[in-house]
Amino acid sequence: MVAWTDFERATIKDIFSKIDYECNLFKCSCFLRCLIVYPWTQRYFAGFGNLYNAAAITSNPKVAAHGKVVMQGLEKAVKNMDNIKATFTELSTLHSEKLQVDPDNFMLLGDCLAIVVAAQLGKDFTPEVHAAFQKFLAVVVSSLRRQYY
Amino acid sequence: NMSLSEKDKAAVKALWAKVSKSLDTFGGEALGRMLLVYPQTKTYFSHWPDLTPGSNPVMVHGKLILGGVTEAVSKIDNLRGGLLELSELHAFKLRVDPSNFKILAHTIMVVIATMFPKDFTPEAHVAFDKFLAAVALGLSEKYR
C-alpha cells in the first residue's frame, strides 16, 4: 500500500479538480500531446483516421474523445488513492492482453500530463506540488504495469 | 539518432530566446525542482550543505547548468562536436549516469511550461524534446 501524506492527497485532488478538459485555448490534452511529441505511440491508434501532422492530430475528434477516456481512467485513481493497484487490475490486463501496449509508453503519457498540468497551473505547480504529482504518476504507471507477464 | 530539422532548430531558438530573459533564476528553479521531484538525483550533490529549492548552491549551480544549455543552443548545428569538452567533463570527472539527462530535460520542460504555457505548444515541445535528447547524446559521446 502506498503511504500518502495529507499534503499529497490534497494536492492530487486539487490538481484534478482544476484540470480543464475542454481546454481549447491551447489544446492541452495530454493524450494529444503524446501523439505529437512521441509519434511512434500512434501505432496503437490506426483506426483514428488522420494523424498525419500536429494540426491533423489537434483537430481529430477521435483523439479528443480518447483523451477524455484517458483522463476518466486517471480520475478513478484519484478517487481510489489508497488502492490504485486493485482499481487498475482490469485496466492493466486490458492494456497488456488486449491492447498490447508497450508499458514504457505509460511514462511517456505521464510526462506529457505533467507538462500539461504545469502549463495550466503555472507558478502554482510548485516543486512540492510537482513532487506529489510525480509520485502519483509513478504509482499509476506501476499499477498499470502490474498485470504484464 | 533523431536529427533536428531546420524547423526544429528555429523552434528551439525562438523558445530559448524567451527563456533567456529569465536565465538568472530559471536554472536554479529547474535544478531545485529536479532534486525534490527525483530524489535519486541528490546522490550527485551529497557534498552540498543545502539541496532545497531556492538555496544558494542550487541557484548558483542551476545557473551554470543552464549556461551549458544556452551554449548548446548556440552550437545547435553541430552538437556532437560542440559538446565534446562538456562530454569529457561528464564522462571522466562527474560520471553522471546518462539516464539523468532525460530527467533534467523533462524538468526543464516542465519549468518552461509553467512560465510560457502559450509558447510551449505541442510543436514547440517536440522540437525542444528532440533538442535536449540530442544534447544528452552529445554529452554521452565520451562515456565509453
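For chain A, complete DSSP H runs whose alpha carbons reach 24 Å or more along their own long axis and whose mean Kyte-Doolittle score is 0.5 or higher are A:104-121, A:127-145.
Each label point was placed 7 Å from the Cα along the Cα-to-Cβ direction; for residue A:72 and residue B:99 their separation is 3.6 nm.
The packing ranking, built from the mean of other Cβ atoms within 10 Å per residue, places the peptides A:105-112, B:42-49, A:5-12 in the order A:105-112, A:5-12, B:42-49, highest first.
Per-residue mean of foreign Cβ neighbours for A:126-133 is 5 (Cβ atoms of other chains, 10 Å radius). One way to sum up the overall shape of chain B is the equivalent ellipsoid from its Cα gyration tensor, whose semi-axes run 23, 20, 12 Å, largest first. Peptides A:113-124, A:81-92, ordered by how many other C-beta atoms sit within 10 Å of their residues on average, highest first, read A:113-124, A:81-92. Cross-link partners for residue B:130 among the lysines, with Cα-Cα distance under 24 Å and sequence neighbours closer than 8 places in the same chain left out: A:27, B:7, B:9, B:13, B:18, B:21, B:63, B:75, B:102, B:118, B:142. Between residue A:80 and residue A:126, the modelled label-to-label distance comes to 3.2 nm, taking each label 7 Å out from Cα in the direction of the beta carbon. Per-residue shielding of A:46-59, expressed as the average number of other chain Cβ atoms within 10 Å of the residue Cβ, stands at 1. Only Cα pairs under 8 Å and 6+ residues apart enter the sum, and on that basis the relative contact order of chain B stands at 35 percent.
Determine Rg/Rh for chain A; Rg is computed over alpha-carbon atoms and Rh is the Kirkwood hydrodynamic estimate from the same atoms. In chain A, Rg relative to Rh is 0.95. Each Cα pair under 8 Å and six or more residues apart adds its sequence gap; the mean of these over the residue count of chain A is a relative contact order of 34 percent. Annotation for residue B:60 and residue B:85: the two label points, set 7 Å from Cα along the Cα-Cβ direction, are 2.1 nm apart.
FYI, it's all coordinate maths here, none of it is from the lab. Just so it is clear, the structure is predicted and the values come from calculations on it, not from any experiment. Cβ sites come from the backbone with ideal geometry, for glycine too, and all protein chains shown count toward neighbours.
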